[in-house]
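What follows is a short report on a single structure.
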Amino acid sequence: MSTMKKLLAVLLALAMIVAMAAACNNGDSGTTTGPNSTGGGEGTTPPATEPAGPTYTITEFDPNAKYTYNDWTTSIAGSWNVHNYQSENSNEIFQYLVDSFYTFAFNDELHPMKDPTRTPFDGYVIIPSMASGMPVDVTAEVAAEHPDWVPEGATSGYAWAIPMREDLYFDTGYHITANSYVEGMKRILDQRLQNYRSTDVYKNTYGIVGAEDYFFQGQENFQSFTDMGTTYEEYIANGGSVDDVFMDIGEFWGIETAEGKTYESITSEVEIRDPAVPEGADEDYVSTKYLWDNYLGPDSVSGYYQAGYVNQYAGTVKSYPADVNYDDVVGFYAKDEYTLVEVFKASCADFTLFYNAIQDSLILVEPDVYDSCIKQNADGTWSSTYMTSKETSPSYGPFSMTEYQTDKLVHYSRNESWYGYHDDVNNVYKDPEDGNVYRLYQTTDIDLQKLDGVATAKNMFLSGELIGYGLQAADMAEYQHSERVFDTPAPTVFFSLLTGNKDGLDAREAAEGFDTTKEDIQTILCPSFRKAFAVSFDRQAYCDETSPSLTPAFGIFGRTIIYDPETAAYYRDTDVAKQALCDFYSIDVSKYASLDEAVDSITGFDPAAAKELYTAAFQESLAAGYITDADNDGKCDQTINIKYAVSNTSINDATQLRLDWYDASLVEATKGTPFEDKVHVVGECVGNTTGEEFADAIKAGTCDLCLAGWNGSAMDPYNLLQAYTWDSYSYAAEWYHPKQDMLTLTLNGETVTMSVYDWAECVNGNDVTVDGKTYNYGTNNADQETRMLILAGIEGKLLQTFTYIPFANNGGKSLLSWKVYYVTDEYNAVMGRGGIAYMKYNYSDAEWADFCAEQINANGKLTY
Amino acid sequence: MIKYVLQRILYMFFVFMIIMFMSFVLIRMLPLPALAPNDPHTEILEIRREALGYNKPYLEQFWIFIKGIVTKWDWGTSEKLYIGRDVWSVFMEKLPATMIVNLYSILWTIPVGIALGVWAALKKNTWVDYTISTLTMVVISVPSFVYAFIIQYLLCFKLRWFPFVMKAGTDYFSWAMFKSIIPPILALSFGVIAGFCRTTRAELTEVLTSEFMLLARTKGLTKTQATVRHALRNCFVVVVPGIFGEFIGIIGGSLIIENIFSIPGVGGLTLAAITNLDYNIFMLSTCFYTAIGLAAGLVVDISYGFIDPRIRMGSKK
């Protein structure tokens, strides 16, 4: 019995020790009880903060361990003011200091997608973050209170109420409420500061109602027709008056009127001194009316009218009322302490609402710090030092800035006042490997340092001092098969942009010094030449030889362009997109087992076809009189030197490599044709530019070729169409006219013919009337299949211009340190591989130091 | 002498103002980057350009600029690189890193360079001279960034003696900071040592063959006494301006070395300001270096008088 008692006592004591240990345990094996896993999901409203009933336990990370993410960049921004930033470098700095009402999360058991067939971590859902629930449509309510804020009769889609969490704080201790956002809105629209990002609030399609009136109160604002996205002719055709048209004399002449205005009515007869004309000479003083009537206007006496010129320098002026009251004008207000109402200029919902309309992280600032940073400069302008140093960068995101040194380093540490570290609903995920539930952000510190050269970065990476290293071409042989190499595709497609500007080419040939008996350039215009050029290049070889980050591209739209943000589906993976490529590259699908096999067979490189086409081009060019064959030997007498526009003052090694590759490919492709050794590529430096002057050279025909591509619209390929169909954007505006290029499509049994331009407009939600019938295939009016058919049809048409010759998909290959791992290896265009939020660590900093020392002692460097 | 110095300072001021005005006008004459049509931000940029007076006459813009400096020591605000920040504070924040690296560099390169030059001159036409002269030629012919890469690879990566890049922070006189800047100091030093060595050797070789050196020896001075007291002082008339030139280089920095070793200095600031048309940063750095250059020129001129008493500044005779 006594033995039993002793045994019982020992067991009891053991049980108590175990219980105490469990209670005291704060190590990495510790667990925290979590609530119901009901958070998020599309269209669902998760519980505010503390729903009852734990159904899972959260595995906590070791709170005593330090996990530092060591990153590097070639440029650290000098300012990252959310109201005023102008570059992606700034975004790189402030991304950890801000948060948003809603965020993307990987789909898992805790955050499932609607589609039950989806497996965890193969997509994403939108879940509340700083919001306590999904937005509520209050359009009808707002329309009743402010009839002028929403279009007449609208009952949904314009006004949304966002319920906010109550536990939101800046790391300064400032409590964030709905009114904090209103204060932020007032400051971003502060007329004195002329914040760069204010236009995102007042001018965007989904801008805030009344924001423009508040920003410009008491002022007049000139907008050129180009800025307005219209033309002078369209403006007049839509009922605009000539009396309301002004000329931008500030831009045109660099002058202002006696009243200090930089614009003047085109009906004004007030004479202005033309600084370009000597005093006393003819037209030294001219009025804008004189200028318009004689030179600029469509009916000008001289006939010099150029639409592009007019649209750039002419426009309208809008007068804004003075002394407006924010509450009366701006549709952005606090309904109560924790409910923010946003009224948008356009109707939106679902993904558009979350992704395009709500720009909360752009608006919220810590008002006390913000106001202390504003100062007036000697020239009378105002500026702000908000978010230009550690002291002026309050954080309400997962990390606080703890160190900043200009052009050297930024260091972040966990922001303990961030609600997310204590949120058991949304900021958790179920690990697909071990099945445990973890909080986001195992990372405790982030070190971002500026390094100039990849050589330094590589050596530092191999010494364990960096988490990642982007592979260069020279690294491929050594590392391409490493298990730590990750491929990161990008949506941009680089295409060989081939000029088609006949006027420009004619002018070059007519210029002094151009010997047409020895040289020719107009042959570029021959359709067969352009087709031959397109199939002359082995894209795969180019990517292999020049950059591991590139993969061959065959379409206008990249491999990670998402056509349906709700499902994260890629356009290039759809049958219509594949068929469009097969049609363009003349692939007979019936000869293959599947459409996938057919599209996989595309290489874009066909030396035999190229030779036939060059031969045909010879005949075309002869017939057009571009070239000669004086001795009738069947060979072109002239050499065609294709000028490649180099955006620099000199040709660097990488560009020379590209030029040599182009040239060698053309030499090979023209062998045995009338153009043998007659087609070459030569570099032409167009200056060290930060803009698009290199592309301008192609547009104007002063150069013939360059590698270019469009960035952005990764989740809206329809919007990206504007880059090709709007003259103001299009590289080919001078020779390809989408308004005249007709496209016939059969949609839902109806065959419709309209111009490429009109198709692009109506698929973007604009009404287009054809033969008395109005079409609109916008997101709210047509299903995705229909819209994709239009997209594929337009893509085919653009390819047939042989102006945009797809060349390579942008992307990157990088090595990832042994220190960390991704929860999923599958790349997702929206989530990437989860970023820092989902990043897991194999080693803490202390363990990593030991590991590196051991490895380096043994091997001289870390092996990958 | 004082009158001469004051006169030179007055001339300096005029030259400074002329350079300042020319720089101001030339940088403002560069065409501003074209703004993207249809970009909503184009509108706000145009408004901002207007507010900043970019459309005003250059003289008026220059007057506003000068007025700000004179009345408030306000060199303006950065509009591109460090948006919103006072350019003076940015410049002053970056200057110490450049200065400390270059200062450490010249602190040992000048004595070493001169010593090697003296040794080569004294051992003229011996293997010592040939070795030093050959190495000098080789070292001078190779740009400093080549050494930088070699040093970083060997000493930092292979041998792990030093960190890859300069330590972050402003503790410029800590051991950790000093250790982290040894690689850039070495990279900067080789060329300077070679330069001083070559100049010193050439000058000293010539002086050592002078008749007054023979006289000094016949008067009973030892070779060392004659060299130190007479020969070295004479050859310093040429060497000292080089030392002052190096001191100006301290502030100028080295764009490439700073980039390789991630030194947050002023090396590339002027270039970046021109590329980005950040007018105020460009003007501040231009004015700063102009002032330093002019002042250094004056100091060099005055120093001649101290090194060689036969040289008198401002003398009419």
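Please treat every number below as a calculation from the coordinates, not as lab data. Just so you know, these numbers come straight off a predicted model, no measurement behind them. Neighbour counts are summed over all protein chains in view; Cβ atoms, including those assigned to glycine, are modelled from backbone coordinates with ideal geometry.
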Beta bridges per DSSP with both ends in chain A, % antiparallel, nearest 5: 85
Mean separation of Cα contacts under 8 Å (6+ apart) over length of the stretch B:1-139, as relative contact order %: 8
Given charges at beta-carbon only (K, R positive; D, E negative), |dipole| of the stretch B:91-307 in Debye: 820
Total lysine pairs whose alpha carbons fall under 29 Å of each other in the stretch B:2-87 (8 or more apart, or interchain): 5
Signed unit charges on C-beta, dipole axis of chain A, positive-most listed residue A:Tyr202, A:Ala541, A:Ala630: A:Ala541
Equivalent ellipsoid semi-axes, the stretch B:190-282, via Cα gyration tensor eigenvalues times 5, rooted, Å: 44, 12, 9
Cα gyration tensor shape of the protein assembly as shown, rounded if a/c is under 1.5, else prolate or oblate by comparing a/b with b/c: rounded
Total formal charge among the other residues, if their Cβ is under 12 angstrom from that of B:Lys67, Lys/Arg +1 and Asp/Glu -1: -2
Net charge of neighbours whose Cβ lies under 11 Å from the Cβ of A:Ala307, counting Lys and Arg as +1 and Asp and Glu as -1: -3
Relative contact order of the stretch A:211-283, pairs being alpha-carbon contacts under 8 Å that are 6 or more residues apart, as %: 21
Out-of-range pairs (alpha-carbon distance over 27 Å; input A:Lys345/A:Lys699; A:Lys408/A:Lys458; A:Lys450/B:Lys179; A:Lys345/A:Lys375): A:Lys345/A:Lys699; A:Lys345/A:Lys375
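From Cα pairs below 8 angstrom and at least 6 apart in sequence, can you work out the relative contact order of chain A, rounded to a whole percent? Mind dumping the intermediate values first?
Working: 1673 pairs, mean separation 124.0, N = 864.
Relative contact order for chain A comes out at 14 percent.
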Among A:732-744, A:786-798, A:194-206, the order from most to least packed when residues are scored by Cβ within 10 Å on average: A:786-798, A:194-206, A:732-744
Protection proxy ranking of B:107-117, B:235-245, A:552-562 - average other beta-carbon atoms within 10 Å, highest first: A:552-562, B:107-117, B:235-245
Top positive-direction residue, dipole computed over the stretch B:2-87 with Cβ charges, set B:Pro33, B:Val87, B:Gln7: B:Gln7
Kyte-Doolittle mean at least 0.0, axial Cα span of 27 Å or more - DSSP H helices of chain A: A:2-24
Lys/Arg +1, Asp/Glu -1 at C-beta; the protein assembly as shown dipole; positive extreme among A:Val317, A:Ala258, B:Ala226: B:Ala226
Shielding score for A:86-97, defined as the mean number of other chain Cβ atoms within 10 Å: 1
Peptide ranges B:144-152, A:321-329, A:276-284 listed from the most packed, as the mean C-beta count within 10 angstrom indicates: B:144-152, A:321-329, A:276-284
Shielding by partners, peptide A:451-457 (average Cβ within 10 angstrom, other chains): 6
A:Ser265 long-range amide H proximity, modeled H, under 5 Å: A:Met247
Nonlocal amide H pairs with A:Asn828, under 5 Å, H built at 1.01 Å: A:Arg833
Dipole magnitude of the stretch B:2-87 about its Cα centre (Cβ charges: Lys, Arg +1; Asp, Glu -1), debye to nearest 20: 540
Calculated P(r) tail over 16 Å for the stretch A:220-319, as whole % of Cα pairs: 54
Loop-located GluC sites (Glu not before Pro) in the stretch A:440-545, at most 13 other Cβ atoms within 10 Å (DSSP): A:Glu483, A:Glu512
Prolate/oblate/rounded label for the stretch B:43-89 (Cα gyration tensor, a/c 1.5): oblate
Test item: Cα-centred dipole of the stretch A:220-319, Lys/Arg +1 and Asp/Glu -1 on Cβ, debye: 240
Spatially close lysines, pair count over the stretch A:477-619: Cα under 27 Å, gap of eight or more or interchain: 11
Cross-link reach list, lysines versus B:Lys123, counting only Cα pairs under 16 Å and skipping chain neighbours closer than eight places: B:Lys223
Built amide H within the under 5 Å cut-off of A:Tyr469, gap 5+: A:Leu815
10 Å Cβ neighbours from other chains, averaged over peptide B:60-67: 1
